[in-house]
Every structure is written in C-alpha cells, then in structure tokens.
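**Student:** Structure below; questions to follow.
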Amino acid sequence: MRLKIARSDTLWVAAAGTFAGAGAAVLTYFGNPVDGGISIACFSRDIAGALGFHQVIEFSYLRPEIIAIAFGAALAAVVKGGFQPAGGSSTLLRFFIGMICSFGIFAFIGCPMRVGLRLAGGDPAALAGIAGLAAGIGIGTIFLANGFSLGKSAITSRTNGLAFHFFLAVLFILLIVKPAFITLSHQRHAPLIASLAAGGVLGILGQRTKLCFIGGFRNAFLIGDLTLLTGFVFLVISALVTNVLLGQEHMGIHIIGSADIVWSFLALTVVGLASTFLGGCPFRQLILAAQGNTDSAISILGLMAGAAISYNYYFAFMADSLDRNGKMAVIAGLLVLFIIGVYNRKKT
Amino acid sequence: MAGKHDGRIMTFHGTYYVLKAEKLLQKEGIAVEAIAAPRHISSDCGICIRFNLSDEERVRRIIVTASIEINGVYDE
C-alpha cells in the first residue's frame, strides 16, 4: 500500500493536534486532572456524576470544556455552512456501542485523546494502551473492509439537530447557578474562563480540520493516508513539550489509571474497535453532535451512561486495581462488538 | 494521478463502498485512489475516491452499473 498525505490539510490537522495537546497541558497546570487536561470521556463521566448518575464525588463536575467544544464547533459549522441535522443510522445500537466503549475507557482510564496525553505526561502504561487502541482499530478496519456499516443517516429536523445543544446549554446554566441537587467536586478543575476559551478554540479547530484520534489510525491502516494521524502525533509532542516547560512531566512514572499491560491492551482494544464502528473517537463524536448529527449525540450519551455504569458496578479502574467485574466487562464488551460486527455487514 | 486542478472527489455511504469502487475502477484501468476526505468535503465514513476529471463520465457509468449509490461528487 502506497502511503499518502494531503499537505495543506495536514498543516491544519497538525495545528489542531498541537493546540489540543498544549491546551490540555495548560489546563492541567491550572487545575484540571493530571494527564487529562481535556478528555471527552472522562469529562462526560464527570458530567454523569454531577447529574447524580454515579456517586463518586471526586469524578463529579459539569465540565465546561465539553460545552465549549460543542458550541465552538457549532459556531464554526454554522458560519461555514456545515450545520446539517441528520440521524437515524442504527441509533440504539450506537448508544450501546458508546456504552461498551466506556467500559474499555474506564478499565484503563483514558479515551483515545487521554491515551495520547498519558503518553505525553511520561506514563509508560500508555504504550500498552496505544498498542491496544491500534489493534482494536486494525480489527475494526477488517470489519469495515468486509462490509461493516451501521447504515446511512437521513436529514432530520432542526429541532432534532439542536436538542443536544439545548441539553448542553442547560448544563451550563446548572454550572453557573449551582443548585443543591447538582454534585460539583471542588477538586481538579481549571478556572471557568480558561476552560471555556480552550474548549471553544478546540471546538472550532476540530470542526474545521475533522481532527479524530481514531480516524488517523483507521485511514493509515485502510488506505495508507496519514493526514489525520498527524493530529495524534502532534497532540503527543505538543503536550510533552508543554508539560516539560510547565514542570509537570513525570517521565517513566505512572500516575493515573491502569498500569497492567495485558488489561490496558485489551481495554483499549475495546475502545479502538467500538470507536471504529461509531466512525470516530469521542472527540469527533462530540464535534459531529455539535454539527447536528443526532447519531453522534446518542453515542456521547451512551458514553455517559457507560461511564456511570462503570463506576456503579465497579467495572472501572479504582483504588489502584481493576476488579474482576471490570475484566469481565472488557471481555464481554469485546464479544458483543464482534457479534455486532458480524451481523452488520452489507451483503452486496 | 489527478493534478491540483483537474481532480474530482466522489463520496459514498460507507467505507466498504469506497473500497469497492476503488477496486472496480482500478480493474477498468482508471487512475483512482482512496484518500481521506478533504477538509472542505463532508463524507459519512471519512474517506473518498479521487480521479481525473476526464474520467468522470466513465467513473459514473461503472459505479452506477455496479449498483453503488453515489453520495456526492466534488472538485478536489
């Protein structure tokens, strides 16, 4: 297979990856989690906790980055004519695939973006995670090449396309008003203005560049196109450089999440395969949801539900170990994804 | 392969169809390659095919004959 790269697009994708990596490291400096200054899945888990869907107070906060990324992307889409309400492509299946994706993410503690950030922070366990992610995407591309499809979406009403934005706007109001029924941890978050600014710019860049931490590997494996993969590479490099400049590098020392090589690998295999079936990483799903894609919005809600289940049923990596429940969820998730893969192939 | 100003992009409703179209067209001797969908083009699956403008009529005929649904055709 001949390797190819689109030079002009690559510059933009690299710029977006650079901003994501540097922005995440700076937000960590200002108070966001270590090696996870921006993480769509972990922040979705925190939102689920804030709304009371799980009870781990430490992981409960209405993360403004998620809201800002979505509204930044929506703004870019409206200005450039890319806002297109669409949906109806295996909607319920996407919810469950998103949920399974979360089981893998929280068995390891890291969505594709946070795997890159953990590597950039100096966490050696991230290498097993990246290998697993690549394996999962590799398996996913075999399914894609053999006809896997969740079906095409159809244009839908503007009300449908804006429902997710309405949900996020309500979350933002709750964050500002802080009613008693919302759980907001006072730990590990950057100042609101910094989170909104970084998230907003990242949303615009993500929408304009199609930055996707799964799509990069998928395109490289499937057609030898390296354009999108540069986003992941530059995310790691820029976060690493920024971490060094800010004195928060911890080279060779594992700080958060699982360090078990086998279970890190398998957990991220689930994430890679599930995300390939969904057509993109959680970050890309959030951007697409902001553009009016209700299937992607459902995938994000599936991630949130999966996050809550992971902490309620002890599937997640907690107290320095992955419980038997978590290991069973990873294996069961992998099996269910294989079944979904086999039964969703086009016959023509 | 297509130069900067004479390339055309065709998108489909899934990865499988992009790969199938690429294989079919290559078999017919048409210069075609599957690439990541450029930034200005929307594609459900993130990839598309690129071919020369001069081949467009033949490409369309082959794809339609194979009963593959075209999502969109654009300038590169």
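**Student:** State whether the residues of the stretch A:84-93 include one that is under 20 Å from A:His189 (Cβ atoms), surrounded by 19 or more Cβ atoms within 10 Å (Cβ to Cβ) and in contact (Cβ under 8 Å) with a residue 60 or more places away in the chain. Lay out the reasoning, then the answer.
**Tutor:** Residues of the stretch A:84-93 that are under 20 Å from A:His189 (Cβ atoms), as a first pass: none.
Looking through the stretch A:84-93, none of the residues is under 20 Å from A:His189 (Cβ atoms), surrounded by 19 or more Cβ atoms within 10 Å (Cβ to Cβ) and in contact (Cβ under 8 Å) with a residue 60 or more places away in the chain.
**Student:** Provide a single number: the residues in the stretch B:44-66 that are within 20 Å of B:Gly14 (Cα to Cα) and more than 12 Å from chain A (Cβ to nearest Cβ). Steps first, answer last, please.
**Tutor:** From the stretch B:44-66, those within 20 Å of B:Gly14 (Cα to Cα) are B:44-51, B:59-66; that's our starting set.
Checking the rest, the ones that are also more than 12 Å from chain A (Cβ to nearest Cβ) come to B:51, B:59-65.
Residues that pass the stated criteria total 8.
**Student:** So which residues in the stretch A:6-17 are under 24 Å from the mean Cα position of the chain (by Cα) and either polar (S, T, N, Q) or at pLDDT below 90 (or both), if there are any at all? I'd like the intermediate steps shown before the answer.
**Tutor:** First, the residues of the stretch A:6-17 that are under 24 Å from the mean Cα position of the chain (by Cα): A:9-17.
Once the filter is applied, which keeps residues that are under 24 Å from the mean Cα position of the chain (by Cα) and either polar (S, T, N, Q) or at pLDDT below 90 (or both), the stretch A:6-17 yields only A:Thr10.
**Student:** Now for a separate question. What tally of residues in the stretch B:6-43 results from selecting those that are closer than 23 Å to A:Thr10 by Cα and away from chain A (no Cβ under 12 Å)?
**Tutor:** Residues flagged as closer than 23 Å to A:Thr10 by Cα and away from chain A (no Cβ under 12 Å) within the stretch B:6-43 amount to 3.
**Student:** Right, something else. Quick check: anything in the stretch A:226-247 out of contact with any helix residue (DSSP H, G or I) (no Cβ under 8 Å at 6 or more places or on another chain), part of a loop (DSSP other than H, G, I, E, B) and in contact (Cβ under 8 Å) with a residue 12 or more places away in the chain? Quick ask: steps written out before the conclusion?
**Tutor:** Step one: filter the stretch A:226-247 for residues out of contact with any helix residue (DSSP H, G or I) (no Cβ under 8 Å at 6 or more places or on another chain), giving A:244-245, A:247.
Applying the additional criterion that residues be part of a loop (DSSP other than H, G, I, E, B) yields A:247.
Now restrict to residues that are in contact (Cβ under 8 Å) with a residue 12 or more places away in the chain: none.
Scanning the stretch A:226-247, I find no residue that is out of contact with any helix residue (DSSP H, G or I) (no Cβ under 8 Å at 6 or more places or on another chain), part of a loop (DSSP other than H, G, I, E, B) and in contact (Cβ under 8 Å) with a residue 12 or more places away in the chain, so the answer is no.
**Student:** Determine whether A:Phe277 is within 14 Å of chain B (Cβ to nearest Cβ), surrounded by fewer than 22 Cβ atoms within 10 Å (Cβ to Cβ) and either touching a Cys at 6+ places or on another chain (Cβ under 9 Å) or under 26 Å from B:Arg39 (Cα atoms) (or both). Outline the logic, then answer.
**Tutor:** Details: within 14 Å of chain B (Cβ to nearest Cβ): yes; surrounded by fewer than 22 Cβ atoms within 10 Å (Cβ to Cβ): no; either touching a Cys at 6+ places or on another chain (Cβ under 9 Å) or under 26 Å from B:Arg39 (Cα atoms) (or both): yes.
Taking the combined requirement at face value, the residue does not satisfy it.
**Student:** Ok, one more. Could you tell me how many of the residues in the stretch A:27-53 are farther than 12 Å from A:Ala305 by Cα and in a loop (DSSP other than H, G, I, E, B)?
**Tutor:** Summing the residues that are farther than 12 Å from A:Ala305 by Cα and in a loop (DSSP other than H, G, I, E, B) in the stretch A:27-53 gives 10.
**Student:** Further question: Would you check if there is a residue in the stretch A:145-160 being in contact with a Pro (Cβ under 6 Å, 6 or more places away or on another chain) and in a helix (DSSP H, G or I)?
**Tutor:** Going residue by residue through the stretch A:145-160, those that are in contact with a Pro (Cβ under 6 Å, 6 or more places away or on another chain) are A:156, A:158, A:160.
Restricting the remaining residues to those that are in a helix (DSSP H, G or I) gives A:158, A:160.
Yes, the conditions are met somewhere in the stretch A:145-160.
**Student:** Could you count how many residues in the stretch A:231-264 are within 17 Å of the chain's Cα centre (by Cα), farther than 16 Å from A:Ala25 by Cβ and surrounded by fewer than 24 Cβ atoms within 10 Å (Cβ to Cβ)?
**Tutor:** Residues meeting the conditions: 0.
**Student:** For the stretch A:161-193, give me each residue that is among the aliphatic types (A, V, I, L, M), surrounded by fewer than 15 Cβ atoms within 10 Å (Cβ to Cβ) and assigned to a loop (DSSP other than H, G, I, E, B).
**Tutor:** Going through the stretch A:161-193, the residues among the aliphatic types (A, V, I, L, M) turn out to be A:162-163, A:168-171, A:173-177, A:180, A:182, A:184, A:190, A:192-193.
In the following step, the residues that additionally are surrounded by fewer than 15 Cβ atoms within 10 Å (Cβ to Cβ) were identified as A:169-170, A:173, A:176-177, A:180, A:192-193.
Within the stretch A:161-193, A:Ala180 is the sole residue that qualifies.
The values are calculated or read from the model by the stated rules, or taken from the named source; none is laboratory data. As the structure is a prediction and not an experimental result, all values here were calculated from the model. Please note: Cβ atoms are built from the backbone with ideal geometry, for glycine as well, and neighbour counts cover all protein chains shown.
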